[in-house]
Amino acid sequence: MPEDGRMGKLYDSVTPELVEFIARQHMFFVATADASGRVNVSPKGLDSFRVLGPNRVAWLNGTGSGNETAAHLAMVNRMTIMMCAFEGKPWILRLYGTARTIQPGDPDWEELLDLFVPFPGARQVFDMTVDSAQTSCGFGVPFYDYVGQRELLPMWAEKRGPEGTIAYQDKNNAVSLDGLDGHLPPRTPAGIPTSAPDADA
């Protein structure tokens, strides 16, 4: 336990100290849930996280086997992001807030996408408003050595190509595990995303 006897500290913004901690992390976890059904927790990497201000962060989501985050946000707009140190200071950081789902065809898709390294198969950017942040001790988190990022996801999408990736999304990402609408962007007859409303609720 820390010397001051507290197990954690609550912040109302992402402070410079927290920004420095975030910059050192190679991985983060995202949790969302509907009012009922499964709670989803997903690990993320690939340099896909950006701090945009004291109360705003964004992260880029690639095409995956599920689409739980977008489906959950459309029903209950809440999100928790967690990072934990596997080396150095034993810290756990959680960011709490709400988020907008931005995807191809939305007005600010290109602007937000440009914040990240080009990523084949990019499916959404989640633009999160952080209402609070909390640090806690990571005394029980083991040490791990960082070796590198897996490149399998962008390689998979690049091999499929844009049309193949969209076909995969339409087949596998349209409905969540609990039967919720995945809120994929509308497609033209050629399968190209068209302008779509946000998937917020």
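Here, each number is a calculation from the coordinates, and none is a lab measurement. Note that the structure is a prediction, hence the values are computed from the model and not measured. Every residue, glycine among them, receives a Cβ derived from its backbone with ideal geometry; neighbour counts consider all protein chains shown.
For the reader, a short list of remarks on this structure follows.
- Cα Rg, Dmax (largest Cα-Cα span) when computed across segment 23-68, Å: 12.3, 35
- Sorting the segments 71-78, 40-47 by their mean number of nearby beta carbons within 10 angstrom, highest to lowest, gives 71-78, 40-47.
- Footprinting exposure proxy for Ile92, Ile102 (fewest neighbouring C-beta atoms within 10 Å first): Ile92, Ile102
- Proximity of backbone amide H atoms, modeled 1.01 Å from N, is registered between Gln124 and Asn61 at under 5 Å, excluding neighbours fewer than 5 places apart on the same chain.
- Relative contact order (%) - criterion: Cα under 8 Å, at least six apart; region: the chain: 27
- The length gained on full extension between Val19 and Phe139, counted as 0.36 nm times the residue separation minus their Cα-Cα distance, comes to 41.1 nm.
- Efficiency of FRET from Cβ geometry, Phe29 and Asp178, R₀ 30 Å, rounded to 0.05: 0.90
- Unit charges on C-beta of K, R, D, E only; dipole of the chain, Debye: 420
- Once both labels are positioned 7 Å from their Cα atoms along Cα-to-Cβ, the gap between Val41 and Arg187 label points is 3.4 nm.
- Stokes-Einstein translational diffusion, segment 1-86 - Kirkwood Rh over all Cα pairs, 1.567 mPa s, 4 °C, in µm²/s: 88
- Fraction of alpha-carbon pairs over 32 Å apart in the chain - percent: 17
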